[in-house]
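Written out below as structure tokens is the structure these notes cover.
The values are calculated or read from the model by the stated rules, or taken from the named source; none is laboratory data. The structure presented is a predicted model; accordingly, all values stated were derived computationally and were not measured. Glycine also receives a Cβ, built like all others from the backbone with ideal geometry; neighbour counts cover every protein chain displayed. Surface accessibility is based on the protein's heavy atoms, side chains included, excluding ligands, DNA and RNA. Shrake-Rupley method; radii C 1.70, N 1.55, O 1.52, S 1.80 Å.
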Amino acid sequence: MSSEGSLLSRVNDPEDLRSLSEESLPQLSAELRDFVIGVVSETGGHLGAGLGVVELTVALHYVFDTPRDILIWDVGHQCYPHKVLTGRKSDLGTLRKGGGLSGFTMRSESAYDPFGAGHSSTSVSSALGFAAKRELMGEDHEVIAVIGDGALSAGMAYEALNNAGANRKRLLVILNDNDMSIARPVGAMSNYLGRLLASKPYVKLRHLVHSIAGRLPQALEVAAKRAEKYARGMLTGGTLFEELGFYYVGPVDGHRLDHLLPLLRASREIEGPVLLHVVTEKGKGYGPAEASKDKYHGVSKFDVKTGKQRKGENIQPTYTEVFSRTLCTVAREDEKVVAVTAAMPGGTGLDDFGKEFPDRMFDVGIAEQHGVTFCAGMAAAGLRPFAVLYSTFLQRGYDQVVHDVALQKLPVRFAIDRAGLVGADGATHAGSFDLVYLCCLPHFVVMAASDEQELQRMVVTAYGLDDVPSAFRYPRGFVTGCGLLEDVEPLLVGKGRIVREGRVVAILSLGTRLEEVLKAARLLEGYGLLITVADARFAKPLDEDLVEDLVRNHELLLTIEEGASGGFSSQVLRVMSERGLLGEAKCVPMVFPDRFVPQDSPESQYRSIGMDGEGIANRVLESLAMGGSEEFLRKGGFADEVL
């Protein structure tokens, strides 16, 4: 935390920062790093990435006239120091809490956040948009995009770099090379950037060539420049960015302000796009984070002295862990089972799978499009691939899901983690739309687990589907505690189950809201209502006979799902329409509201949209009051005091 009289206590915005001397900036950086560590130890959040760019953040706001100069951070994991320097220091303790600061950049939060982030690899594309507007309107300001080396594993980044190089607009792209995205970067790009870091002798060579070239006759000057270009290609691989149309500078030590400041100033004088390659260390300045960078990407509250994270005392496994254990069990029985993740082996539980089956786990980097088609190819070749992705990130590979999987009816199994609302990560990471965008696709089998045993069954069910693509979704967080099955049998595809028998009102639930639905049923007993509760299990193919039975034997059917309008409830309404059931009972869908739900604890998020037990019970009562109360009385399922 900043103390009275510290440099950081005097800096509330970039104007204050620019009033300081260059000599004082290392001290400010040290104070800023300590402040971020202190706050995040109490709030939790993304730590390592921000610590790695402290000096870079200070240098950028010191050299450039933000917010007039546009500064865009990719992903946003590293933006905490940026928030501190741009007027949000006193609010940093509200990070990722309800009504507090976002853990990512957000346009509505500050003028210093010109473009929102959350998913990776968008910075160069959006920055190019700002540059295009500047040129079109005849404005004169700088546009800077900061992108990490991990984000370069996404094809979108190269599309943007290629476009920027071809357009030749003035643009500064800073490649933050910390050799650590969330998981260790994989593939040729990681090796390439590693060679860049190892090529420090080139810096001296290039300086020498430039210093003497201007003093030589023209023919020799041209030859010297050719030699320099050859050296750059051989020693650093900088030719890659040069061929894309960028003027490549680097690598430079991203923790040396005396290196960063002159290069950033010089970049303003170069016409056209510039790529500045900055080498940083993730977790810089905090020993525990430096020693275990993957563990300190996202952290819970922790003890600053020891670095020990204060985890909750829940002894139950998470849904992710249940999935991972079940997949490993299946894989032990079948060597054709393979798994693919997109830079998230830890987050998806595939790290354990990879330890046991290292040759059958593939981390494709931040490249969901490639990952989906990679799975399609393996399925076509006869393997049994599981594409293990967060719901929000599967959105990035949707065209491939449609064209390369569904259209060819290939049996790729999509394990969709982080389905529904996810808490502190907010709207950018919520799994709100997968039911909508998968249920509309021909051939797909779409499931949602209501508890850990159902998740086990769905993993086994998906494994056995060799002629169609399938998906099963499950949330972030701990399981219900009903225990795990020893012998796991697959589900009968397209068949739901009755969990509780009642009358007048039926609730058809899909996913883990089932526990809250049962709470609502118990609450409604106090009003004399006995509620039928059913677990749909499948959004597609839907158990149409179950739907018809519920409609014909109840006055009200309420459907509930952890997703946006257009998914499961639409399938139910379609069946009711096709079977002529629309006049038999009133149908009330409970879906996510037509807005993005802001960050908070998952419990608070669901409570705020009425999807907790009390909210569901209230929705039932409201729905009954809106229609035919006398009819309900005659049925004997509705107590007098409710009317």
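How would you classify segment 67-165 from its alpha-carbon gyration tensor, with a ≥ b ≥ c the square roots of the eigenvalues: rounded for a/c under 1.5, else prolate if a/b is greater than b/c, otherwise oblate?
Values: a/c = 2.64, a/b = 1.42, b/c = 1.86.
The shape class here is oblate.
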Give, as a single signed number, the net charge of other residues whose beta carbon lies under 10 Å from the beta carbon of Glu271, with Lys and Arg counted +1 and Asp and Glu -1.
-> +2
For segment 490-628, what is Rg from Cα atoms divided by 2.2 N^0.38 Å, rounded to two decimals?
-> 0.99
Could you tell me the distance between the Cα centroids of segment 391-407 and segment 82-107, to the nearest Å?
-> 33
With label points built 7 Å along Cα→Cβ from the Cα atoms of Thr239 and Gln316, find their separation and express it in nm.
-> 5.8
What does segment 296-374 give for Rg and for Dmax, in Å, if only its C-alpha atoms count?
-> 15.3, 47
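Percent relative contact order of the chain, based on C-alpha pairs within less than 8 angstrom and at least six residues apart?
Working: 1304 pairs, mean separation 69.6, N = 643.
This gives 11 percent for the chain.
For segment 118-183, what % of the accessible area comes from carbon and sulfur atoms, probe 1.4 Å? Walk me through the intermediate numbers first.
Values: 1190 of 2210 Å².
After summing per-atom areas, the C and S share lands at 54 percent.
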Nearest-20 debye value, segment 47-146 charge dipole, Cβ charges on Lys, Arg, Asp, Glu = 460
Added length on full extension, which subtracts the Cα-Cα distance from 0.36 nm per residue, Glu271 to Ser24 | 85.8 nm
From the Cα centre of segment 3-66 to that of segment 547-594, the distance in Å is 53
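Order of 538-545, 277-284 by packing, highest average Cβ count within 10 Å first?
Values: 538-545: 20.5, 277-284: 23.4.
Peptide ranking by packing, descending: 277-284, 538-545.
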Note on segment 506-566: alpha-carbon gyration tensor, axes a ≥ b ≥ c; rule is a/c under 1.5 for rounded, else prolate if a/b larger than b/c, else oblate; result oblate
Quantify, in whole percent, the carbon and sulfur part of the accessible surface of segment 383-474 (1.4 Å probe; protein heavy atoms only).
-> 56
Between Leu514, Gly44, Gln456, whose Cα lies farthest towards the positive end of the dipole of the chain when Lys and Arg beta carbons carry +1 and Asp and Glu beta carbons carry -1, centred on the Cα centre?
-> Gly44
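So what's the back-of-envelope 222 nm ellipticity for the chain, counting only DSSP H runs of four-plus at -39500 (n - 2.57) apiece and dividing by all residues, rounded to 500? Write out the running numbers ahead of the final one.
Working: 25 runs with 251 residues, N = 643.
Counting only the DSSP helices, I get -11500 deg cm²/dmol.
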Specify the inter-centroid distance of segment 434-474 and segment 352-383, based on alpha-carbon positions, in whole Å.
-> 18
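Can you give the charge dipole size of segment 330-450 about its Cα centre, rounded to the nearest 20 debye, using +1 on the beta carbon of Lys and Arg and -1 on the beta carbon of Asp and Glu?
Working: 9 positive and 14 negative charges, 52 e Å.
Dipole size: approximately 240 debye.
Once you have the Kirkwood Rh of the chain from its Cα pairs, apply Stokes-Einstein at 10 °C and 1.306 mPa s and quote D in µm²/s. Each step should come with its number before you reach the end.
On the way: Rh = 26.9 Å.
Stokes-Einstein gives a translational diffusion coefficient of 59 µm²/s.
Using only the alpha carbon atoms of segment 55-96, find the Kirkwood hydrodynamic radius as the inverse mean reciprocal pair distance, in angstroms to one decimal. Write down the numbers at each step before the final one.
Details: mean 1/r = 0.0908 Å⁻¹.
Across segment 55-96, the inverse of the average 1/r is 11.0 Å.
Rounded, prolate or oblate: which fits segment 398-459, taking a ≥ b ≥ c as square roots of the Cα gyration tensor eigenvalues, rounded meaning a/c under 1.5, else prolate when a/b beats b/c?
Values: a/c = 2.52, a/b = 1.32, b/c = 1.90.
It comes out oblate by the Cα gyration axes.
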In the structure displayed, which of Lys355/Lys409; Lys89/Lys133; Lys284/Lys308; Lys301/Lys519 lie more than 24 Å apart, Cα to Cα?
-> Lys355/Lys409; Lys89/Lys133; Lys301/Lys519
Cβ-based charge dipole, segment 242-399, positive-most Cα from Ala289, His277, Ser300 | Ser300
Using a basic spin-label model with each label point 7 Å from the Cα along Cα→Cβ, how many nm lie between Glu159 and Ser604?
-> 3.6
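As an exercise, use a Förster radius of 22 Å and the Cβ-Cβ distance of Thr480 and Glu548 to find the FRET efficiency, rounded to the nearest 0.05. Please list the in-between numbers first.
On the way: r = 29 Å, r/R0 = 1.31.
Efficiency computed from Cβ-Cβ geometry: 0.15.
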Long-range HN-HN contacts of Met447 with modeled amide H, under 5 Å = Ala471, Phe472, Arg473, Ala539
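With a 1.4 Å probe and all protein chains left in place, how much accessible area per residue does the chain have, in Å²? The partial results should precede the final answer.
Numbers: 26390 Å² over 643 residues.
With all protein chains present, the chain gives 41 Å² per residue.
Taking all protein chains in place and a 1.4 Å probe, what share, in percent, of the accessible surface of segment 489-632 do carbon and sulfur account for? Please report the intermediate quantities before stating the final value.
On the way: 2880 of 6030 Å².
It is 48 percent, rounded to a whole number.
Sort 367-373, 445-451 by packing, meaning the average of other beta carbons within 10 Å per residue, with the highest value first. Present the calculation step by step, with values, prior to reporting the outcome.
Working: 367-373: 23.3, 445-451: 25.6.
Result, highest mean first: 445-451, 367-373.
For the chain, what is the charge dipole size about the Cα centre, in debye to the nearest 20, if Lys and Arg each add +1 at the Cβ and Asp and Glu each add -1 at the Cβ? Walk me through the intermediate numbers first.
Numbers: 68 positive and 85 negative charges, 310 e Å.
That gives the chain a dipole magnitude of about 1480 debye.
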Once the dipole of the chain is set up from charges on Cβ (+1 Lys and Arg, -1 Asp and Glu), the residue from the list Ala585, Val322, Phe115 lying farthest towards its positive end is Phe115
Once all Cα-Cα distances of segment 457-559 are split into 10 Å bins that start at 0, what whole-number percent is in each one?
-> 13, 41, 32, 12, 1
For segment 1-108, build the convex hull from the C-alpha positions and give me its volume per residue in Å³.
-> 94
In the neighbourhood of Leu350 defined by beta carbon distances under 13 Å, the net charge of the other residues (Lys, Arg +1; Asp, Glu -1) is -3
Sorted by chain and then number, the residues having a modelled amide H within less than 5 Å of the amide H of Gly118, at least 5 places away or on another chain, are Val75
Quick one: Karplus J couplings for segment 150-165, per residue in order, coefficients 6.51, -1.76, 1.60, θ = phi - 60°, nearest Hz, x for Gly and Pro?
-> x, 5, 6, 7, 8, x, 4, 4, 6, 4, 5, 4, 4, 5, 5, x
